[in-house]
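Worksheet for the structure shown next.
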Amino acid sequence: DRAGRAASLIAAAIDHHQRAARPAGRLASQGAHLRSDLAAILSHEMRTPLASIKGYASALLLEDAYWDEETRREFLLAIDAETDHLTQLIEDVLDASIIEAGALRIEPEPILLPHMVRRAIDKLALRTDRHRFVLSFPPDFPAVMADALRIDQVLSNLLDNAVKYSPQGGLIVVSGRVAGDEVVVSVADQGIGIAPEHLNKLFERYFRASTNGRRVAGTGLGLPISDAIIRAHGGRIWAESTVGQGTVFSFTLPLAPRDTETDAEGS
Ligand code: ADP
């Protein structure tokens, strides 16, 4: 019957999901590793979301199956989230090739970071109810010279990671301070942390530290891309961490010249 078929479709999607997850577990058990084969990453990282989308969509399309409102919504939310995930994956791969070709261009303008951080947090907060977010910028935080879209991308990457690598939840604090002629922005989490021997590898392409066999989606491209973006602004990005306690990522950006007009839209 239809309902039985739906159930077996979902079971098949989950089975796919688990098979796709297995290689990650095996690699993760070897500890940190460098994955240099882009095709392998793409096929591995794409198979899981595609299998889920296919499974949920097929289940929803079954003619006689009855799904209550809540289940339908759950399936649609999963399709929505997996589609975002695939889009992000493709954008990361494109950005990595732009950076590799030395073709990353930025268009700096004066921007107000606290606004931008608030927006990034609001967007992310919709996707998690385990984490609490705190924004800590002094009043009258000065404008920085930065490419709004690219810095938004860096913030989203750091915030996404803070959520992904704090499976138990906890506080995520984004703070900013002025230091000389630049600002320092930090994203602090209370997550799994990073081993000292991995700290200097984080910004290498495809590097992913082990997550104790837990499957965490990702490509190891987010931080190298963020690094390239921050460097293009003349800034630096780095991490400090204690395993089991949490991680702080910080980056610097140049101050905008005083008396510049800030573009409220872009900031
Ligand atoms: P991805 O998250 O796709 O693997 P990134 O380049 O963003 O790629 O991060 C590289 C690796 O750095 C991650 O796989 C993870 O091991 C580690 N990492 C990044 N952010 C954090 C964090 N906030 N806490 C612990 N580990 C992190």
Here the residues within segment 80-118 that are part of a helix (DSSP H, G or I), of a type in the set (A, V, I, L, M, F, W, C) and out of contact with any Lys or Arg (no Cβ under 7 Å at 6 or more places or on another chain) are 81, 86, 89, 90, 93, 94, 98, 99, 113, 116, 117
Of the residues that make up segment 229-237, is at least one crowded, with 19+ Cβ neighbours inside 10 Å and out of contact with any strand residue (DSSP E or B) (no Cβ under 7 Å at 6 or more places or on another chain)? yes
Just give me the residues in segment 146-167 being in contact (Cβ under 8 Å) with a residue 12 or more places away in the chain and away from the ligand (no atom under 12 Å from the Cβ), in sequence order. 146, 147, 148, 150, 151, 152, 155
Could you tell me whether any residue of segment 171-188 is near the ligand (Cβ under 7 Å from one of its atoms) and within 14 Å of the chain's Cα centre (by Cα)? no
Which number in (1) under 30 Å from residue 110 (Cβ atoms); (2) small (Gly, Ala, Ser); (3) modelled with pLDDT of 95 or more marks the one condition that residue 125 misses? (3)
Pairs please, first residue from segment 198-227 and more than 8 Å from the ligand (Cβ to nearest atom), second anywhere and at pLDDT 90 or above and of a type in the set (Phe, Trp, Tyr), Cβ atoms under 8 Å, 6+ apart in sequence or on different chains. 227/203
Restricting attention to segment 145-158, which residues are under 12 Å from residue 230 (Cβ atoms) and either of a type outside the set (Val, Ile, Thr) or touching a helix residue (DSSP H, G or I) at 6+ places or on another chain (Cβ under 6 Å) (or both)? 146, 147, 150, 153, 154, 155, 157, 158
Search segment 73-98 for residues that are surrounded by 15 or more Cβ atoms within 10 Å (Cβ to Cβ) and pair each with any residue that is among the basic types (Lys, Arg) when their beta-carbon atoms are under 7 Å apart and the residues are at least 6 apart or on different chains. 96/205
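The values are calculated or read from the model by the stated rules, or taken from the named source; none is laboratory data. Please read these numbers as outputs of a predicted model, since none were measured by experiment. Quick reminder, even Gly has a Cβ in these numbers, built from the backbone with ideal geometry, and neighbours come from all protein chains shown.
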